[in-house]
Each structure stands twice: as C-alpha cells, then as structure tokens.
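K.L.:
Just dropping this structure here.
Just so you know, all these numbers are worked out from the coordinates, no wet-lab data involved. Computed from a predicted model, the values in this text were never measured in an experiment. Note that each Cβ is placed from the backbone with ideal geometry, even for glycine, and that neighbours are counted across all protein chains shown.
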Amino acid sequence: MGWIVLLLIIGLVLVFISTYNRLVTARNAFKNAFAQIDVQLTRRYDLIPNLVEIAKGYIKHERETLEAVIQARNSAYQGLKTAAADPGNAAAVQKLSGADQQLGGALSRLMAVAEAYPDLKANQTMMQLSEELTSTENKVAFARQAYNDAVMTYNNNRETFPSSLAAGMFNFQPAQPLDSPKPEAREAPKVSFT
C-alpha cells in the first residue's frame, strides 16, 4: 500500500513538472515570436525617416503631414521598445498596437499626398524606399501572425487543466495578441508610386 501511494506521488510530481515546463516553453515561444516582430518593426521604423526626408524636398507645403508621420513613428518606436522589454506585458503590447495603427494612418495620408506630386512619385530613391516599406509591411504581417499563434498556444496551455493550476501557482500571466481592433486597420498601408 505504501508503494502505491509513493508511486502516485511521484507520478503527480512528474505531471506537475511536465506541465510547468510546457508553460515555460510556450511562454518562451511567444517571446521569441515577438522578437521577430521587433526586428521587422524596427526595420519599418528605420525606413520611415528616409521616406520623409525625400518627401520633404517635394512636398514643402505638407509640413503638417510630414510631422504627423515622424511623430507617429517616434511614438510607435517607443511603444515597440517598451513592449520588446516585456512581451508578456499586455498593456505594453496594446499600446504598441495603438501606436502602430496611428503610424499606419499617418503613412497612408503621406502616400495620398505624395500621389499629387508626379516628381516625387518618379523619384528613384522614393520608389525604392516605398518598395522596401511594402516588403517590410508583409514581413510584419507574417511575424504578427506567428506571434499571435504563439500567444494563443501559450494562453490555451495556461488556461487548461492541469496547466491552470501550475499557471496560478507560478503567476503565469495571460499574453496579449498584437492585433488591430478595426478591420480597416488590419491592412498594411498601401505604398505605391507607379
């Protein structure tokens, strides 16, 4: 009888250790997925000032639009650094999502204004930067999807039994997906100078 109890205790300990390790693995997976978003968004944010500098020479009367893009870029970049420091912080991820939406809107306005300037549309450097930005937007979308999938896996592991017991005991907080609340904001900004 004593051996059965001992084996039962050992079995429960092994299940608990396995559950804890699965939670840690899932948490590390979503943090790694966020690191990929960090890389792509940093690239995006680095391209934007170059785009604005080129546009400045052509659209001098649109200073407000250019300033809005730079301000939105800086806000999004700051939000990215805060979220990258702790991808498990739901508030930081939500703040990044909102700032990135604002940046997308500002970029869309810049592109709409740029359409009215044929010389700017024909500028080779501007066309190259806009192509790189479009490519980066696609990479951001793929990285966001991978991150959101990893968050869903982590949250599912965290909320199912018996993992929920270990998650509660060791304070595994829910992760926040990086998503846009408005359907129209889910699309990458249209960047085209053709």
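K.L.:
Just want the answer: with Cβ charges of +1 for Lys and Arg and -1 for Asp and Glu, which residue in Tyr45, Tyr58, Ala35 is farthest toward the dipole's positive end in the chain?
P.N.:
Of the listed residues, the answer is Ala35.
K.L.:
Order by neighbour count: Ile4, Ile59, Ile48, fewest other Cβ atoms within 10 Å first, most last.
P.N.:
Ile4, Ile59, Ile48
K.L.:
Determine how many Å³ per residue the convex hull of the Cα atoms of the chain encloses.
P.N.:
Output value, Cα hull per residue: 103 Å³.
K.L.:
Now for a separate question. Rounded to whole Å and ordered largest first, report the semi-axes of the equivalent ellipsoid of segment 48-108 derived from its Cα gyration tensor (root of 5λ).
P.N.:
27, 10, 7
K.L.:
Could you list the chymotrypsin sites (Phe, Trp or Tyr not before Pro) in segment 102-187 that lie in coil according to DSSP, counting only those with at most 13 other Cβ atoms within 10 Å of their Cβ?
P.N.:
Of the chymotrypsin sites (Phe, Trp or Tyr not before Pro), the ones in loops of segment 102-187 whose Cβ has at most 13 other Cβ atoms within 10 Å are Phe170.
K.L.:
Please compare each pair in Lys31/Lys60; Lys56/Lys139; Lys31/Lys121 to a cut-off of 32 Å on the Cα-Cα distance and tell me which ones are over it.
P.N.:
Lys31/Lys60; Lys31/Lys121
K.L.:
What do you get for GluC sites (Glu not before Pro) in segment 53-124 restricted to DSSP loop and a cutoff of at most 16 other Cβ within 10 Å of the site's Cβ?
P.N.:
Glu115
K.L.:
Given charges of +1 on the Cβ of Lys and Arg and -1 on the Cβ of Asp and Glu, with all other atoms neutral, how large is the dipole of the chain about its Cα centre, in debye to the nearest 20?
P.N.:
340
K.L.:
Roughly speaking, what is the centre-to-centre gap between segment 63-99 and segment 5-60 when only Cα atoms are used, to the nearest Å?
P.N.:
If we compute the Cα centre of each part, the gap is 16 Å.
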